[in-house]
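Scroll down for the structure; my scribbles are underneath it.
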There are 2 protein chains.
Amino acid sequence: MAKVAPLSGFPEWLPEQQLVLDEVLRRVRQSFELHGFAPLHLRSVEPLDTLLSKGADTDKEIYVLRRLHADEGDTADLGLHFDLTVPFARYVAQHQGALTFPYRRYQIQPAWRGERPQEGRYREFLQADVDIVGRDTLPVAHDVEMAGILAETLMALPIPPVTVMANNRKLIEGFYRGLGVEDVAGTLRVVDKLPKVGVDGVKKLLAHLPDGVVARILDLCTIATPDTSFVARVRALGVSHPLLDQGMDELAQVLDGNAHLPPGRLVAALHIARGLDYYTGTVYEGVMEGFEHVGAVCSGGRYDDLVDQAGGGAKFPGVGVSIGITRILGVLLPKGALTTDRSSPTCVLVALNSEEHRPAAHTLARQLRARGIAAEVASAPQKYGKQIRYAERKGIPYVWLHDAQGDGRHEVRDLRTSTQADADPQTWEPAPDRVRAHIRAT
Amino acid sequence: MAKVAPLSGFPEWLPEQQLVLDEVLRRVRQSFELHGFAPLHLRSVEPLDTLLSKGADTDKEIYVLRRLHADEGDTADLGLHFDLTVPFARYVAQHQGALTFPYRRYQIQPAWRGERPQEGRYREFLQADVDIVGRDTLPVAHDVEMAGILAETLMALPIPPVTVMANNRKLIEGFYRGLGVEDVAGTLRVVDKLPKVGVDGVKKLLAHLPDGVVARILDLCTIATPDTSFVARVRALGVSHPLLDQGMDELAQVLDGNAHLPPGRLVAALHIARGLDYYTGTVYEGVMEGFEHVGAVCSGGRYDDLVDQAGGGAKFPGVGVSIGITRILGVLLPKGALTTDRSSPTCVLVALNSEEHRPAAHTLARQLRARGIAAEVASAPQKYGKQIRYAERKGIPYVWLHDAQGDGRHEVRDLRTSTQADADPQTWEPAPDRVRAHIRAT
């Protein structure tokens, strides 16, 4: 084996870290399914033109596939998807006749971008997406619901608090139009750079607009409220436009409809724009406390026109969010901010006192598994001390000893307390908090 | 969106099919974890030379990656992995100092091969692998255990019965050497073609060997027994060699140690060789009843030398199997051999009688979710008949009606029986068999 080195941008984890990641994924899946989202896995590749037509600034980041011994003229031109939304939109268009709308699906898969790796930025990364797509129409109530789903799912994870910030593209566009700005998209792109270039940078890039207009645009960016009080603050800027009213109404619904969330989990933040072109209304973005520097750990929004069709026909408006699993774990795991007490799901190691004992040990392990208790049999009849050490090193909480004194007794050793007690294979149960690995957030 | 067509060799599923697949994966994961295997996800790519050094006949099937706007001289030369064993061996070599051996891991991920697609053969396919890897040594008891894990896991799936066939490379090699055959590998490759080219074809390809030798080789291939009686049948062929004895002993252990399995789930089948070079002892291969023509739905074996290292050092012998999830589901799902009654995990649709009712409906849904009951709120306050029809089309079993007669009552409608009864949001429970989707095998 020539190379066993890590590849920059393609993170991998040790067994105990992977158990943490799997527990996070288990909770994400559980939350999504409790909210009525059906699982979906799609192929990893799309025709290159599908990827390019949706990818605004992403064309340079796509990985293209080629068979090692491709035939002459073999130009399938497939690329690995750079997000899960574009393939999903393609899937909806492809299977529209077979789906029941509103269609609610979640999807947990990797995506790939050929970017320069850095903290929080990877070439292969796991995303957890949920979307709701309607046929022809989709009530804005689903924009409201989606903010709640996102906040509740993040709260179910053993990670630092995430603040979900919501805004609305119509609000921004209406505000700009009300100010007489013609090039809304171009202006938006400049304002999106605010965190990078600062106020002076934005002013320079918008030098073609009157100073008063630029000042109002920057004023809008400073508005962030935990409730619908942003409406009064926007009104105070003295700009009016029907689209602004619509956007403010929609954003107010998102905040009002999630009043049950704990304070700080969802805020209106009027500087949020989201780079991707396809958003048409509500937009979401979340940052993790203490890790603001790595950027958004989740994002999404409303897209009314993503699923378009060659021949016109029905529209499929949708709203969705994406949780950046690798971005979240990729900053927490290396810091040791999330740890677990195990590197194995095994709850009971069945010890071996001799080779002859092996069939009985396997029978016992099967009895435990039949009752849902994860069990493995020791690899070899080494001294008990060695077998116990194996269990300790993997964080396996119990060792089962059978006939250790030649009297046929069954005993279970609890490695946490170093105590040993008689046990009945038919009825013994592990302590409820030892059945599965614990995640510790530090 | 330019192309919404399927891509040959890249299978995708409708929501109800995906629910079947997810249930299969849930049971696979559960079985692997009950047997003490820790989850692992690895990157999808490996350096091309790693893939080529292990890939015997696979070099033409590898997908190579290239960034769309790759810079001049940008020759990372990465390829998508063609199985999960080669990346796992690389991972073990890379992290040997941090792992506790025997290391037990499972891995469920796609693999890619640029092959010509046909029934049961895909360009992107999901594999579920389990392996046990030791440091320096790994008792043959784990070969025994692995056959049982494979058979038990397959029995836990809602699929037609799979017969796991076991053989041993040492047995074959010892038999050939006992016959005086020099080119063991070349002869094995010919015999591996037996199902394709038939007895006459094999005879022709082995024309350089004496007729008596070829006859014995073919005799060995016909031996298949449900127990250790293969030993007597091999002995009756009058060939002897120490390696043959060792291989027979190991295979006999595999059969003897799994006598608890129901008849027919595990057999010794002495024609099984497995194409890949890296197997050194026990080999496994499984075929699904009624679908023998698609070939092996699972396979694996013992590999003593896969994890090798540049500078020598420790050895990491392993044994593992791979279940071809896409191959199994790819033949069963399109035939309607596995179906489910739902296209959604939602258990309760909370109906809406007006927009004003929405906050109360969401509060109710949250109450249900807090008790583990998957719930969603209707998209719009349409007529009840329309809301019920949405639930019926998705196979959602219950519709919750609140204040339907303006008297504040809570009622639950059971769509299977079309009956309606009063319900308390704090205590109501769905029928146990309606909590999750049912899989029907037909």
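The values are calculated or read from the model by the stated rules, or taken from the named source; none is laboratory data. The shown structure was predicted, so the numbers you read here are calculated from the model rather than taken from an experiment. Quick reminder, even Gly has a Cβ in these numbers, built from the backbone with ideal geometry, and neighbours come from all protein chains shown. SASA here: full protein model, heavy atoms, side chains in, ligands and nucleic acids out. Shrake-Rupley method; radii C 1.70, N 1.55, O 1.52, S 1.80 Å.
Starting from the label point of A:Ser240 at 7 Å along Cα→Cβ, the same points in the other copies fall at 10.7 nm, in ascending order. Orientation-averaged projection of region A:401-442 equals 3.9 nm² [convex hull of Cα atoms, one quarter of hull surface area].
Roughly how large, in nm² to one decimal, is the mean projection of the convex hull of the alpha-carbon atoms in the protein assembly as shown?
41.4 nm²
Considering every Cα-Cα pair within region B:109-263, what fraction, in whole percent, is farther apart than 20 Å? Taking all Cα-Cα pairs of region B:109-263, the fraction more than 20 Å apart is 62 percent. Mean per-residue shielding of peptide B:387-396 is 2, counting Cβ atoms of other chains within 10 Å of each Cβ.
Counting, for every residue in B:41-50, the Cβ atoms of other protein chains within 10 Å of its Cβ and taking the mean gives 6. A convex hull fitted to the Cα coordinates of chain B yields 208 cubic angstrom per residue.
Look at where the Cα atoms of region B:330-394 and of region A:149-223 average out, and the two centres are 36 Å apart. Sorted from closest to farthest, the other copies place their A:Lys383 label points 8.2 nm away, with each point set 7 Å from Cα along Cα→Cβ.
Remark: region B:299-442 carries a charge dipole of roughly 460 debye about the Cα centre, counting +1 on each Lys and Arg Cβ and -1 on each Asp and Glu Cβ.
Its alpha carbons give region B:90-183 an Rg and a Dmax of 17.6, 47 Å. When the Cα convex hull of region B:282-392 is projected onto planes of every orientation, the mean area is 13.7 nm².
With the simple model of a label 7 Å out from the Cα in the direction of the Cβ, B:Glu355 to A:Asp341 spans 5.2 nm. Rg/Rh, computed from the Cα trace of region A:242-294 with Rh as the Kirkwood radius, has the value 0.99.
Take B:Leu157: with every protein chain present and a 1.4 Å probe, its accessible area is about 10 Å². Dividing the Cα radius of gyration of region B:332-371 by 2.2 N^0.38 Å, with N the residue count, gives 1.78. Placing unit charges on the Cβ atoms of the charged side chains and taking the dipole of the protein assembly as shown about its Cα centre, the candidate lying farthest along the positive direction among B:Pro263, B:Val321, B:Tyr278 is B:Pro263.
Accessible-area rank, largest first, for A:Glu289, B:Glu33: A:Glu289, B:Glu33, with all protein chains present and a 1.4 angstrom probe.
Helix-only mean residue ellipticity at 222 nm, the protein assembly as shown, DSSP H runs n ≥ 4 weighted -39,500 (n - 2.57), per residue, nearest 500. What is it?
It comes out at -10000 deg cm²/dmol, rounded to the nearest 500.
The share of C-alpha pairs in region B:196-254 whose separation exceeds 19 Å stands at 38 percent. Relative to the other identical copies, B:Ser8 shows label-point distances of 4.1 nm, where the label point lies 7 Å from Cα along the Cβ direction and values run shortest first. Put the Cα centre of region A:254-324 next to the Cα centre of region A:102-131 and the gap is 15 Å.
Taking the Cα centre as origin and putting +1 on Lys and Arg beta-carbons and -1 on Asp and Glu beta-carbons, what dipole magnitude results for the protein assembly as shown, to the nearest 20 debye?
So the dipole magnitude of the protein assembly as shown works out to roughly 300 debye.
When nucleic acids and ligands are ignored and a 1.4 Å probe is applied, B:Lys193 ends up with an accessible area of around 100 Å². Placing +1 on the Cβ of every Lys and Arg and -1 on the Cβ of every Asp and Glu, with nothing else charged, gives chain A a dipole about its Cα centre of roughly 880 debye.
Counting only other chain Cβ atoms within 10 Å of each residue's Cβ, the peptide B:97-105 averages 5.
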